[in-house]
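What follows is one structure encoded as structure tokens, with my remarks underneath.
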Amino acid sequence: MTRIFYDAIFLEHDTGAHPECADRLRAILAHLRRGGSAARCRIETPPPAPREAIERAHASQYVHALREFVEHGGGHLDPDTVAGPRSFDAACMAAGAALASVDAVLDSRDAHAFALVRPPGHHAMPSRAMGFCLLNNVAVAARHAQGRGLRRVAIVDFDVHHGNGTQEAFWRDPEVFYLSTHQYPFYPGTGARSDRGEGPGEGTTLNFPLPAGTTGARLLEILEGEGAAALRAFRPEILLVSAGFDAYENDPLGQFTLREEDFRSIGSALRRIADELSTGRIVSVLEGGYNLHGLPSCVEQYLVGVDPLGTAGTDGR
Ligand SMILES: [Zn+2]
């Protein structure tokens, strides 16, 4: 069974004419319902993230300033990042969905929990919004897992962009392993192979910068080869996934060439890694993915890959 954490407030984070728009989630939900996958998942509303959970990953002054900004009507936080009147509440709910997903796999042995959220999170820095992201949902989730007593948390990020905010949050933290595959050089500019963490966290950041045109087969080879070997050495107690679908071949914001079914293979690979290393505990958090026609099927394929029993029997290829 896959538990999906979603709330309609995500649709109220109003970005105007922008690739990161509410239609992304509308399209995914409609597709899952049409194909029958939604009936085999459980879709639940999470509670919003408590302020103290958010502030384990973000500076309290930033969280306060973000709320004030939104209360005064919002606007642009950086050239790409927009917040409207409901955006702070939506962001707290998105972080809440990531927290609820961690609790779901820790407490009730669900095969997979998926935070179907927006705004996305992996570019959000501890003290700054960036790249469509307000709060770093997966970072809040990782801190929550640590708060629940886990000492080794892995984050795998297969979004086509480097998750600079997540890397920054755990740069010196030996308990959180951050592994990213991403197009490089590309937005946001970080994620060189030499970015490996620092101090006590040295070696628990692992980046795979890859050229435009990278295929699903190449990505899979990395995840199952060097990536899995590094995770095996780290021995995570839970696997968190920044699941971005902008590595899709027709995505307007990336130049990788993954096909829809490649996301199923990635999901299966991560499932095998979680089964081997983290007693099957795997949580995914939606990041990017901007082709409204392809995104829903990419997500569905991924869900089937991670949890074939919970989501099988769909129209997926
Ligand atoms: Zn992205």
> Each label point is 7 Å from the Cα along the Cα-to-Cβ direction; what then is the distance between the points at ARG26 and ARG51, in nm?
Replying inline: 3.4
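Assign unit charges at the C-beta atoms only (+1 for Lys and Arg, -1 for Asp and Glu), then state the dipole size of region 1-132 relative to its Cα centre in Debye, rounded to the nearest 20. Let's see the in-between values first.
Working: 14 positive and 16 negative charges, 112 e Å.
My answer is approximately 540 debye.
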> Using r as the Cβ-Cβ distance of LEU309 and HIS76, and R0 as 41 Å, what FRET efficiency do you calculate, to the nearest 0.05?
Replying inline: 0.40
> Which far-off residues, 5 or more places away or on another chain, put their amide H under 5 Å from the one on LEU77, with H placed in the peptide plane?
Replying inline: VAL82, ALA83
> Once amide H atoms are built 1.01 Å from N in the peptide plane, which residues 5 or more positions from ALA115, or in another chain, come under 5 Å H to H?
Replying inline: PHE5, SER284, VAL285, LEU286
>> Could you work out what % of the accessible surface of the chain is carbon and sulfur, using a 1.4 angstrom probe and leaving DNA, RNA and ligands out of the count?
In response: 51
> What FRET efficiency do you get for THR279 and ARG172 if R0 is 25 Å and r is their Cβ-Cβ distance, rounded to the nearest 0.05?
Replying inline: 0.35
> Want the number for GLU198 to ASP107: 0.36 nm per residue separation, take away the alpha-carbon distance, what's left?
Replying inline: 29.5 nm
> Got a sec to turn the phi values of region 267-281 into Karplus ³J(HN,Hα) couplings, 6.51 cos²θ - 1.76 cosθ + 1.60 with θ = phi - 60°, whole Hz, x for Gly and Pro?
Replying inline: x, 5, 5, 5, 4, 5, 5, 5, 5, 6, 10, 10, 6, x, 6
> For region 272-313, list residues with backbone N below 14 Å from a point placed 7 Å from the Cα of ARG42 toward its Cβ?
Replying inline: 310
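Below 8 Å, C-alpha to C-alpha, sequence gap of six or more: please give me the relative contact order for the chain in percent. Let's see the in-between values first.
Numbers: 775 pairs, mean separation 62.8, N = 317.
It comes to 20 percent, rounded to a whole number.
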> So what J values fall out for region 157-164 if you push phi through Karplus, 6.51 cos²θ - 1.76 cosθ + 1.60 with θ = phi - 60°, rounded to Hz, Gly and Pro as x?
Replying inline: 10, 9, 4, 5, 9, 6, x, 4
> If we count every other residue with Cβ under 9 angstrom of VAL176's Cβ, Lys/Arg +1 and Asp/Glu -1, where does the sum land?
Replying inline: 0
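Among residues other than HIS112 whose Cβ falls under 12 Å from its Cβ, what is the net charge (Lys/Arg +1, Asp/Glu -1)? Spell out each step's value before the answer.
On the way: positive: ARG3, ARG40, ARG42, ARG109, ARG271, ARG281; negative: ASP110, ASP275, ASP307.
That works out to +3.
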> Residue-wise, which Karplus ³J(HN,Hα) couplings in Hz belong to region 253-262, taking 6.51 cos²θ - 1.76 cosθ + 1.60, θ = phi - 60°, and x for glycine or proline?
Replying inline: 10, x, 10, 7, 10, 6, 8, 4, 6, 5
> Once the Cα gyration tensor of the chain is diagonalised, what are the square roots of 5 times its eigenvalues, in whole Å and ordered largest first, as equivalent ellipsoid semi-axes?
Replying inline: 24, 23, 20
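Add -39500 (n - 2.57) for each DSSP H run of 4 or more in the chain, then divide by its residues: what number comes out at 222 nm, to the nearest 500 deg cm²/dmol? List each step's numbers first, then the result.
Details: 12 runs with 120 residues, N = 317.
Calculated mean residue ellipticity at 222 nm is -11000 deg cm²/dmol.
Counting only C-alpha contacts under 8 Å and six or more residues apart, can you give the relative contact order of region 132-221 as a whole percent?
Numbers: 154 pairs, mean separation 22.2, N = 90.
Over region 132-221, the number comes to 25 percent.
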> What does the highest-first list of 113-126, 69-82 look like by mean Cβ count within 10 Å?
Replying inline: 113-126, 69-82
> Taking 0.36 nm per residue of separation and subtracting the Cα-Cα distance, what length does fully extending ARG232 through ALA8 add?
Replying inline: 76.9 nm
> How much net charge surrounds ARG56 when only other residues with a Cβ under 12 Å from its Cβ are counted (Lys, Arg +1; Asp, Glu -1)?
Replying inline: 0
> Relative to a virtual label point 7 Å from the Cα of ALA217 in the Cα→beta-carbon direction, which members of region 225-249 show backbone nitrogen distances below 17 Å?
Replying inline: 225, 249
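The values are calculated or read from the model by the stated rules, or taken from the named source; none is laboratory data. Note that the structure is a prediction, hence the values are computed from the model and not measured. Counting neighbours? That spans all protein chains shown, and the Cβs are built from the backbone with ideal geometry, glycine included. Keep in mind that these areas ignore ligands, DNA and RNA; they rest on the heavy atoms of the full protein, side chains included. Shrake-Rupley method; radii C 1.70, N 1.55, O 1.52, S 1.80 Å.
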